[in-house]
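The values are calculated or read from the model by the stated rules, or taken from the named source; none is laboratory data. Quantities reported herein were computed from a predicted structural model and do not represent experimental measurements. Counting neighbours? That spans all protein chains shown, and the Cβs are built from the backbone with ideal geometry, glycine included.
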Amino acid sequence: MGKKEMIKDILERLHKGESTDKILSEYRDVLKDLTPPQIARIEQELISEGMDPDKVRKFCSVHLAIFRESIDRAEVKLPPWHPINILLKEHKYITDLVRNLRPEVVGNLKATESHYLREENVLFPYLEKHGIVQPPKIMWAEHDEIRKVEKDLRDKFTEELKTRLNDLLLNHFYKENNILFPTGLDVIPDDEWLSIRTEFDEIGYFAFTPEGPPEKEKVETKIATRMINLPTGSLTEKELEAFLNALPVDITFVDSKDEVRYFSESKDRIFVRTRAVIGRKVQQCHPQKSVHIVNRILDDLI
């Protein structure tokens, strides 16, 4: 039985209520060398083959307990400016914030939104470009679950909700720290992390201002000066960009293949957009729960 078949068997048995201890004793030796990228790719294959993503997500925490021995590894040493290092530090900050949460400071949770936005609008698109599509969808669904509990806490603070949020975050961060992030480090080339950091900076931070990359490593954006010829005149690329960005609306252009081809960068933007989404399917720019609405809008435009 291959590793994918083993994981599928584990999930099916968990779904039937079988003891995790029994499954662990059976599969420990076989799965001890399973790497985070392998786990991510196998989960992706299972979903692509028709397994319910919510089923994988629902039992992800349980099978993490089974795989904990194989994915608890020494921390990777990353430079302070590195996007993954920033996310890891924020995980610790958010965990401490929730652990010590009180009714009078529950509003501070709103500031953590930039953490999730950076993952959804920068890290996830880069993972998708390198073939890791399904795991980010699972993580985004968990982000929305976290957001819902945070909203409930702001509406009415209870210790039960606080505990619920704390448990959600611990499980979610464990999966990101030990599966998603190592997978990203494995599949995303070193030079692309500089671009990711640039786009992280555009969204901003909430807990601290991260150290920047060395000057020689900063990504420079070159603005072309060639002319764009139109039936009623011509503009340079720089002039056209300034014109579109000055309009009092957010513009996102999606082509006939449902891929994002352009977005404006007006001063007062409604939606977070980063250059990482260029070429991304517009459906992947939204959480799974709202994809049917996106598709309905696209269908209405045909």
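Details
- Filter result for LEU97 (more than 13 Å from the chain's Cα centre (by Cα), of a type outside the set (D, E, K, R) and assigned to a helix (DSSP H, G or I)): yes
- Residue selected from segment 107-139 under the condition over 14 Å from GLU176 (Cβ atoms) and among the charged types (D, E, K, R), by the criterion surrounded by the fewest Cβ atoms within 10 Å (Cβ to Cβ): LYS110
- Complete set of residues in segment 100-129 that are under 13 Å from the mean Cα position of the chain (by Cα) and of a type in the set (Gly, Ala, Ser): SER114
- Qualifying residue in segment 72-89 (condition: farther than 30 Å from GLU215 by Cα, among the aromatic types (Phe, Trp, Tyr) and outside any helix (DSSP H, G or I)): no
- When ALA224, ALA246 are checked against the criterion of being modelled with pLDDT of 90 or more and not β-branched (Val, Ile, Thr), a single residue qualifies: ALA246.
- Residue match in segment 234-243 (condition: loosely packed, with under 14 Cβ neighbours inside 10 Å, modelled with pLDDT of 90 or more, farther than 30 Å from ASP54 by Cβ and among the polar types (S, T, N, Q)): yes
- Pick from segment 184-200, criterion touching a residue at least 24 places away in the same chain (Cβ under 8 Å) and farther than 17 Å from ILE86 by Cβ, ranking: surrounded by the fewest Cβ atoms within 10 Å (Cβ to Cβ): ASP186
- Residue check for GLU5: more than 26 Å from the chain's Cα centre (by Cα), at pLDDT 80 or above and within 25 Å of LEU127 (Cα to Cα): yes
- Qualifying residue in segment 253-261 (condition: among the acidic types (Asp, Glu) and part of a helix (DSSP H, G or I)): no
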